[in-house]
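Novice: Got a structure here, written out as structure tokens. Questions coming.
The values are calculated or read from the model by the stated rules, or taken from the named source; none is laboratory data. These numbers were taken from a predicted model, which means no experiment stands behind them. Counting neighbours? That spans all protein chains shown, and the Cβs are built from the backbone with ideal geometry, glycine included.
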Amino acid sequence: MEIRTRTGAYEVRIADFSQAMEALPPGSHLVTDENVAALYGHRFPKGRPVVAVPAGEASKTLERYQRVVERLLELGADRGSVIAAVGGGVVGDLAGFVAATFMRGVRLVQVPTSLVAMVDSSVGGKVGVDLPSGKNLVGAFHPPELVVVPIDALETLPRRHLANGMAEVWKYAYILDRELGERLESFDTVPSGEQMAEVVARCICLKAEVVEEDEHDRSGRRAILNFGHTVGHALELLTGYGPLLHGEAVAIGMGAEAKLGERLGLTPRGLSERIRADLERVGLPTSHELLRRPAALVAAMRRDKKAEAGVLAFSLLTDFGACRLVAGVSEADVECALMEACGA
């Protein structure tokens, strides 16, 4: 499939890992993490420079970004080089930010190996790193020239990380595609094989539609992709970017934000409980002890990119398969919804 941007277009291909490596252009420098390197390093193209960072969200920092840039220089990278991000969402965001800024910008290829990265972060051109004060607060829009999705990489993904990715899959169903949601509800657990390939392809198509409408997140249309993320990012920040995986935090956030939508009269009553059941069936958490500390979460949410002048904004469901950005949500309503989400 092709995704159109203001500067051109790029292709997204679903393939296998060997085909993904064959698709890397000449001059590619691979940026990956230590887990992916241990599993797939022997299958990387011979002679291509490789930079491996520690796995996990803790690598999405300005300090790690600087180390990657310095290592690329040592390996001979220049303005004609291509950065190939081979890994999950952390690698894609970090390597993408490197590509956006190294020598004032070089070409980027995304090879997502996690479910989160396949269906979400590798497509759309958003790249960046975290700060101690918040997630993704430093970044850029830097579309790849190619995304190759090695669907067979999911076979080596741990069960927890598969469930983690399903949070983003379910997000697309809740915000855009009721039919996808009903299909997911027909599965006993996480889909696999050909069914998973079809689900991944559908999610990419859905994201492509939104990104093409609002590439640089100006109109608010692209903000619907952040359903569950305002609460989720606050949870990640307060837990120190480690104990909760991104999709786990988003799953908790979707349940809480559905409660908020119900409280505001936007989301149909009972949808939050349906969401809770869907997510728990695939092994995702739907509550956390921090929901009992709503004031701390709200303080973290004020740093969210959707907030303006400290006023909170949320992407809230108006139906199963429909969502819109809502600005000016009162902190009192948010705090009450968070307490309701934890059963208090």
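Novice: Every residue in segment 43-57 that is surrounded by fewer than 15 Cβ atoms within 10 Å (Cβ to Cβ) and closer than 30 Å to Glu236 by Cβ, please.
Specialist: Our first condition is that a residue be surrounded by fewer than 15 Cβ atoms within 10 Å (Cβ to Cβ); within segment 43-57, this holds for 43, 45-47, 54.
Residue satisfying the conditions is Pro54 alone.
Novice: Scan segment 29-42 for residues that are surrounded by fewer than 18 Cβ atoms within 10 Å (Cβ to Cβ) and either under 17 Å from Leu157 (Cα atoms) or of a type in the set (Lys, Arg) (or both) and jot them down.
Specialist: Glu34, Ala38, Leu39, Gly41
Novice: Continuing with the same structure: Looking only at residues in segment 308-320 that are in contact with a helix residue (DSSP H, G or I) (Cβ under 7 Å, 6 or more places away or on another chain) and among the aliphatic types (A, V, I, L, M), which one is farthest from Gly265 (Cα to Cα)?
Specialist: Step one: of segment 308-320, the residues in contact with a helix residue (DSSP H, G or I) (Cβ under 7 Å, 6 or more places away or on another chain) are 312, 314-317, 320.
Next cut, among the aliphatic types (A, V, I, L, M) only: 312, 316-317.
Details: Leu312: 17, Leu316: 11, Leu317: 10 Å.
Result: Leu312.
Novice: Which one of these is under 18 Å from Ile3 (Cα atoms) and over 16 Å from the mean Cα position of the chain (by Cα): Asp214, Asp177, Asp188? Reasoning before the result, please.
Specialist: Values: Asp177 fails: under 18 Å from Ile3 (Cα atoms); Asp188 fails: under 18 Å from Ile3 (Cα atoms).
Answer to the check: Asp214.
Novice: Sticking with this one: Check off (1) free of Cβ contacts under 8 Å to residues at least 12 places away in the same chain; (2) assigned to a helix (DSSP H, G or I); (3) under 21 Å from Ala332 (Cβ atoms) for Glu273 and give me the number that stays unchecked.
Specialist: That leaves (3) as the condition not met.
Novice: Here is a follow-up. Need a quick list: strands (runs of 3 or more DSSP E) entirely within segment 1-77 having at least 1 residues that are at pLDDT 95 or above.
Specialist: Details: elements: 2-5, 8-15, 28-33, 50-53.
Filter on segment 1-77 gives 8-15, 28-33, 50-53.
Novice: Shifting gears a bit: Which is touching a strand residue (DSSP E or B) at 6+ places or on another chain (Cβ under 8 Å) and surrounded by fewer than 24 Cβ atoms within 10 Å (Cβ to Cβ), of Gly88, Gly139, Gly80, Gly92? Steps first, please.
Specialist: Details: Gly88 fails: surrounded by fewer than 24 Cβ atoms within 10 Å (Cβ to Cβ); Gly80 fails: touching a strand residue (DSSP E or B) at 6+ places or on another chain (Cβ under 8 Å); Gly92 fails: surrounded by fewer than 24 Cβ atoms within 10 Å (Cβ to Cβ).
Of the residues listed, the single one that is touching a strand residue (DSSP E or B) at 6+ places or on another chain (Cβ under 8 Å) and surrounded by fewer than 24 Cβ atoms within 10 Å (Cβ to Cβ) is Gly139.
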